[in-house]
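Every read-out reported here was derived from the displayed coordinates using simple, explicitly stated rules and does not represent laboratory data. As the structure is a computational prediction, the values presented were derived from the model and not from experiment. Glycine gets a Cβ as well: all are built from the backbone with ideal geometry, and neighbour counts include every protein chain shown.
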Amino acid sequence: MSVRALYDVPAPAKLNLFLHVVGRRADGYHLLQSVFVLIDWCDALHFERRADGVLARHDLGAALPEDDLCLRAARALQAESGTTLGADIAIDKQVPWGAGMGGGSSDAASTLLALNRLWGLHWPRERLAALGLELGADVPFFIGGRNAFVEGIGERLTPLPVLPTWLAVLKPPTPIETRAIFASPLLVRDTDPVILTGFLADASGDFGRNDLQPPAEAQCAEVGVAREMLQRCFGNARMTGSGSAVFARAGTGAEPTAAMPADLPPGWVGRMCRSLEQHPLVGWASS
């Protein structure tokens, strides 16, 4: 029996345990190394199949940009597959925008995985990931479904086991312009590359740094304030990705080592998250 609707499809966020800029390509793209870890802070998407080929998005919370990554992903899959089907896509947005947590890329990946099933396309994961890379460098990670050591511009993924970990995340309201960070003279672009075994052998749980943090804090002082707040509670605080969210590891036991900071300033968002062993939709595409 064909699937007509898919509800409560999760789109989890990710955190960068570290982010090093190790070089720059001739086309201007920066070469990165990072470890991406999935967390249980998720958007929820709902899909209903349409026979008329129309793609329509419905925002269940705050209004999203008119042409967001979900619609672009749906259009790309529709065009590449040649299907005559469409979909109504409803989004309950929970992951904050501009956080560096991959919320938009995760929504796009979950859209590709869901429509692949809803439309009966049966594309393998590798084909979906190749299409996802055209939408954004982080999309293939979410389609891959595993925590990963990431290289290149984000397209080279090596699955990596990560211990279940509590992660305290704090997001100030001020957005950060990613382009300004990468253009900043404060950005270090020649960090020595690390090898995967070096990360696995590091027992401190505080491997590396985020090279984007100094220019981000120069652009947005609230990033530094958020980092200091988490540093006092947990230590090891740092920015994730190129957004304004900051996180700290809060232990691997049954409970976090400390509570989230109380009485956050207006507009700030904080949440105690748990790392995920794998993406909830990891079985939705064949390898």
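Which of rounded, prolate, oblate describes the stretch 205-278, given a ≥ b ≥ c as roots of the alpha-carbon gyration tensor eigenvalues and a/c under 1.5 marking rounded, otherwise prolate only if a/b is larger than b/c? Oblate, because a/c is 1.5 or more while a/b does not exceed b/c. Taking a ≥ b ≥ c as the square roots of the eigenvalues of the alpha carbon gyration tensor, the stretch 164-287 is rounded, as a/c is under 1.5. Only Lys, Arg, Asp and Glu count, each charged at its Cβ (+1, +1, -1, -1), so figure out the dipole size of the chain about its Cα centre, rounded to 20 debye. Rounded to the nearest 20 debye, it is 300 debye. Within the shell of other residues whose beta carbon sits under 14 angstrom from the beta carbon of G61, the net charge comes to -3, with Lys and Arg scored +1 and Asp and Glu -1. Think of the chain as having a plus end and a minus end, set by charges on the Cβ of Lys, Arg, Asp and Glu; of T83, F18, F247, T83 sits farthest toward the positive end of this dipole.
As a proxy for reagent exposure, D107, D88, D43 were ordered by neighbouring Cβ count within 10 angstrom, fewest first; the result is D88, D43, D107. Dividing the helix sum by the residues of the chain, where each DSSP H run of 4 or more adds -39500 (n - 2.57), gives a mean residue ellipticity at 222 nm of -8000 deg cm²/dmol.
Reported to the nearest whole Å, the Cα centre-to-centre distance from the stretch 221-269 to the stretch 1-64 is 23. Listed from fewest to most Cβ neighbours within 10 Å, the set K93, K14, K171 follows the order K93, K171, K14.
A simple count of charges around E80, restricted to other residues whose Cβ falls under 11 Å of its Cβ and scoring Lys, Arg +1 and Asp, Glu -1, yields +1. Along the chain, the longest continuous region that contains none of the GluC sites (Glu not before Pro) in a DSSP loop with at most 14 other C-beta atoms within 10 Å is 178-276. Rounded to the nearest 20, the size of the Cβ-charge dipole of the stretch 166-274 about its Cα centre is 220 debye, with Lys and Arg at +1 and Asp and Glu at -1. With Cβ to Cβ distances under 14 Å as the rule, what net charge do the other residues near D192 carry (K, R +1; D, E -1)? Taking every Cβ under 14 Å from that of D192, the sum is -1.
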